[in-house]
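The values are calculated or read from the model by the stated rules, or taken from the named source; none is laboratory data. Only a predicted model underlies this, so the values are computations on that prediction, with no experimental measurement involved. Counting neighbours? That spans all protein chains shown, and the Cβs are built from the backbone with ideal geometry, glycine included. Each accessible area value is taken on the protein alone, full model and side chains, heavy atoms only, with ligands, DNA and RNA left out. Shrake-Rupley method; radii C 1.70, N 1.55, O 1.52, S 1.80 Å.
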Amino acid sequence: MSADPEWLIWTRELQALAQTGLAFSTNPYDRARYEMLRALASRMMAAQTASEADRIEALFANETGYATPKIDVRAAVFDDRARVLMVRETADAGRWTLPGGFAYVNLTLVESVVKEVREESGFDVQVRKLAAVWDRTRQGHPAAVFSCCKVFYVCDVIGGAAATSLETSEVGWFAAADVPSDLSLGRVLPSQIARMFEHYYSLGLSTDFE
């Protein structure tokens, strides 16, 4: 079940319809209607948030082509002491998260998550298994503008050393009982980290899909 309010779900659907219609329609009258639909979605979101409709419409207008969910990749990296790697996210007031971010153009999802770990933590990793593919909304993350699919991998360290970046202010290793409470909830949830420990302890578990 979705944890997002109905108005946000409707706004996303309207924006996606408008975006996809503008991607394929050549009829000027239909294109004008899709632009009106996009403006309507913007006003709906503005009415429920502190953002201006023009700013939201500009954000929507930057999304082109067939509308699909964005893809976020996350790495559950474990060391030989069964501790998970976490980083403090500067964009979220230094809250802790598993390394990761949006997948990169021209890179596979595995290549993207390896790149994210190296850039955010300084460690080189190797993916051991695909652990989960989750819809962000159905997991209970805070509401966000666009639909997003979250892909989690269990990884092993193969090199590198702890190093912060422009995106991270601290790198740490945590046992299951010591996972920080101040998590960047837009990126990772306590239940997801707990599930990654389960995958680590029992690598024969099948991939989670929801």
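So which trypsin sites (Lys or Arg not before Pro) in segment 1-88 end up in coil per DSSP with only 15 or fewer other C-beta atoms within 10 Å?
Numbers: sites: R12, R31, R33, R38, R43, R55, K70, R74, R81, R83, R88; in loops: R81, R83.
In loop regions of segment 1-88 (DSSP not H, G, I, E or B), the sparsely surrounded trypsin sites (Lys or Arg not before Pro) are R81.
How many angstrom lie between the Cα centre of segment 17-33 and the Cα centre of segment 117-187?
38 Å
Calculate one ³J(HN,Hα) per residue across segment 16-30 by plugging θ = phi - 60° into the Karplus curve 6.51 cos²θ - 1.76 cosθ + 1.60, and present them in order as whole Hz with x for glycine and proline.
5, 4, 5, 4, 5, x, 5, 6, 10, 7, 10, 6, x, 6, 5
Let me have the 222 nm mean residue ellipticity of the chain computed from DSSP H runs of 4+ only, each contributing -39500 (n - 2.57), with the sum over all residues rounded to the nearest 500.
Numbers: 6 runs with 78 residues, N = 210.
Theoretical 222 nm ellipticity from helices: -12000 deg cm²/dmol.
Expected output is a single nm value to one decimal: the length gained when fully extending between S206 and L107, i.e. 0.36 nm times separation in residues minus the C-alpha distance. What is it?
Working: separation 99, 0.36 × 99 = 35.64 nm, distance 2.47 nm.
Result for the pair: 33.2 nm of gain on full extension.
Along the Cα-to-Cβ line of D135, 7 Å from the Cα, sits a label point; which residues in segment 63-79 have backbone N less than 12 Å from it?
Hits in segment 63-79 for D135 at 12 Å: 69.
Near the amide H of D135, under 5 Å away, which other amide H atoms are found, from residues 5 or more places off or on another chain, if H is placed in the peptide plane?
For D135, whose amide H was placed from the backbone, the distant partners under 5 Å are K150, E210.
Which whole-Hz couplings ³J(HN,Hα) result when phi for each residue of segment 41-52 is put into the Karplus expression 6.51 cos²θ - 1.76 cosθ + 1.60, θ = phi - 60°, listed in order with x for Gly and Pro?
My calculation for segment 41-52 gives 4, 5, 5, 4, 5, 4, 5, 10, 10, 8, 8, 7 Hz in order.
Given the alpha-carbon gyration tensor of segment 1-84, what are the semi-axes of its equivalent ellipsoid in whole angstrom, ordered largest first, with each equal to the square root of 5 times an eigenvalue? If you can, show how the numbers build up before the last one.
Details: eigenvalues 226, 59, 25 Å².
Semi-axes (√(5λ), whole Å): 34, 17, 11.
Quick one: pull the percentage of alpha-carbon pairs in the chain with a separation above 26 Å.
Counting every Cα pair in the chain, those more than 26 Å apart make up 41 percent.
Counting only the backbone N, which residues of segment 170-196 are under 18 Å from the spot 7 Å out from the Cα of D79 toward its beta-carbon?
From segment 170-196, the list is 170-180.
Counting only heavy atoms of the protein chains, get the accessible area per residue of the chain (1.4 Å probe) and round it to a whole Å² value. Display every interim value, and only then the final one.
On the way: 10980 Å² over 210 residues.
I get 52 Å² per residue for the chain.
Whole-Hz ³J(HN,Hα) for each residue in segment 70-85, computed from phi via Karplus 6.51 cos²θ - 1.76 cosθ + 1.60 with θ = phi - 60°, x for glycine and proline: what do you get?
Once rounded to whole Hz, the list reads 6, 10, 10, 10, 9, 10, 9, 9, 10, 9, 6, 10, 6, 9, 9, 7.
With the Cα gyration tensor of segment 127-210 in hand, give its eigenvalues times 5 under a square root as the equivalent ellipsoid semi-axes, listed largest first in whole angstrom. Spell out each step's value before the answer.
Details: eigenvalues 88, 72, 35 Å².
For segment 127-210, the ellipsoid semi-axes come out as 21, 19, 13 Å.
Below 14 Å, Cα to Cα, which aspartates and glutamates can K129 reach? Residues fewer than 8 away in the same chain don't count.
Counting by Cα, and skipping residues close in sequence, K129 has these aspartates and glutamates nearby: E111, D156, E198, D208.
K70's amide H: which non-local residues (gap 5+, or another chain) put their own amide H closer than 5 Å, with H modeled 1.01 Å from N in plane and none for Pro or chain starts?
S147, C148, C149
Please express the shape of segment 83-151 as an equivalent ellipsoid: the semi-axes are the square roots of 5 times the eigenvalues of the C-alpha gyration tensor, given largest first in whole angstrom. Walk me through the numbers on the way to the answer.
Numbers: eigenvalues 77, 55, 30 Å².
Whole-Å semi-axes of the equivalent ellipsoid: 20, 17, 12.
Would you pull out the residues with amide H under 5 Å of T168's amide H, same chain only if 5 or more places away, H placed 1.01 Å from N?
Amide H neighbours of T168: T90.
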